[in-house]
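Please treat every number below as a calculation from the coordinates, not as lab data. All figures in this text were calculated on a predicted structure; none of them were measured in a lab. Methodologically, a virtual Cβ is constructed for each residue, glycine included, from the backbone with ideal geometry; neighbour enumeration extends over all protein chains shown.
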Amino acid sequence: MRTPDRRRFVPGATARRVVVVGDLMTDIIVRQTGPFAPASDTPSSITLAPGGSAANQAVWLARGGAAVHLVGVIGDDDLGRRSARALEDARVVVHLDRVPGRQSGVVVSIVDAAGQRSMLTDRGANLALAAASVPQRLFRHGDHLHLSGYELLDDETRDAALEILRRAGRSGMTRSVDPCSAGPLGRVGATAFFSWTEGLDLCFANLEEGRVLTGEKEPEKVATNLGAHFGEVVLTLGSRGALWARRGSPLLTLPAGRGDVVDTTGAGDAFTGTFLAAWLWGAPPGRALASGLESAAAVVAAPGARPPR
């Protein structure tokens, strides 16, 4: 398997360029603050924030020092324009197709008293992603491509995502994927997902996604099984921390720090973007895990999926 062209890790320096492909969304985060009242009004705290798994990860990558390009699709509406401005403000270079007459993506995140969330998702204009959405000049040897798994899980964007992965591989880019969501992942099945992603340099998954893909329950077995398909695997374990695996190396687990949990929206994206930024410089796995967990802890302490101001 191809070895990433890594550089010596230098804190505060700029990592090699990474191209992130995937969804931009607007998050409507609903936290119930009073008893639920069917067919009436329920007191709630509601936050409107920029989101989308790929967009969130791009922002955290930029915060980690990477030079980031985000490729995606928005509607020709105010939601899309706000999403683009938020990325530009975070020092992410955007390459966005705009689809007139189609709403930009929206997700309603319903957060329970423990901070766990369930999502109602309308991908909207994101479903118009095409292979041509990625400018040819972004396929450059030595750079890195990170793909949001939502693009593979939906029939409307799968062909484009597969072509983008192939072009990146032919161009000599390292590649990573985030399976993104256990529900749709279960519907397409592990066999199909592995056929689309076999041999990528790095896979990020949470424990639930890993269980869907492997049929295993214990984190160590999940990571080892996933490691047969990818160069390296990072498995997030929620409040238990995260685990790194690579064939021929001992498994490495790092516990999560303790802190307040207000909203878990975007915790995985914060971890992934921060870990990947460190990985691109060749930071040791333990250091990359620690950085990712620190970012995840920061994002769950307040509503929203992006770095605190």
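Results, tabulated for the structure shown:
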quantity: Calculated [θ] (222 nm, deg cm²/dmol) that DSSP helices of n ≥ 4 give over the chain, each run adding -39,500 (n - 2.57); calculated: -10000 deg cm²/dmol
quantity: Residue among 282, 215, 227 with the largest mean-square fluctuation in a Gaussian network model of the chain, springs linking Cα atoms under 10 Å; calculated: 215
quantity: Relative exposure of 112, 154, judged by other C-beta atoms within 10 Å (fewest first); calculated: 112, 154
quantity: Net dipole in debye of the chain [+1 Lys, Arg Cβ; -1 Asp, Glu Cβ; about Cα centre; nearest 20]; calculated: 1160
quantity: Percent RCO, i.e. relative contact order, over the chain, from Cα pairs under 8 Å lying at least 6 residues apart; calculated: 19
quantity: Over the stretch 53-100, equivalent-ellipsoid semi-axes from the Cα gyration tensor in Å; calculated: 20, 10, 8
quantity: For residue 72, net neighbour charge (Lys/Arg +1, Asp/Glu -1) across residues whose Cβ lies under 9 Å away; calculated: -2
quantity: Most fluctuating residue given options 55, 90, 270, as computed from a GNM of the chain linking Cα atoms under 10 Å; calculated: 90
quantity: Trypsin sites (Lys or Arg not before Pro) within the stretch 192-296, DSSP loop, no more than 14 other Cβ atoms inside 10 Å; calculated: 217, 247, 258
quantity: Neighbour-count order for 119, 173, 25, fewest beta carbons within 10 angstrom listed first; calculated: 119, 173, 25
quantity: Scaled radius of gyration (Cα, divided by 2.2 N^0.38 Å) that the stretch 198-309 gives; calculated: 1.02
quantity: Ranked 26, 253, criterion: other C-beta atoms within 10 Å, fewest first; calculated: 253, 26
quantity: Global geometry of the stretch 83-239, whether rounded, prolate or oblate, following the gyration tensor of its Cα atoms and the 1.5 cut on a/c; calculated: oblate
quantity: For residue 34, net neighbour charge (Lys/Arg +1, Asp/Glu -1) across residues whose Cβ lies under 14 Å away; calculated: -1
quantity: Beta bridge orientation in the stretch 15-300: antiparallel %, DSSP, nearest 5; calculated: 40
quantity: Rounded if a/c under 1.5, otherwise prolate or oblate - the chain, Cα gyration tensor axes; calculated: rounded
quantity: Computed P(r) (all Cα pairs; the stretch 28-69; 5 Å bins; percent); calculated: 6, 19, 16, 13, 10, 11, 10, 7, 6, 2
quantity: Relative contact order computed over the stretch 39-98 (Cα-Cα under 8 Å; 6+ residues apart), in percent; calculated: 37
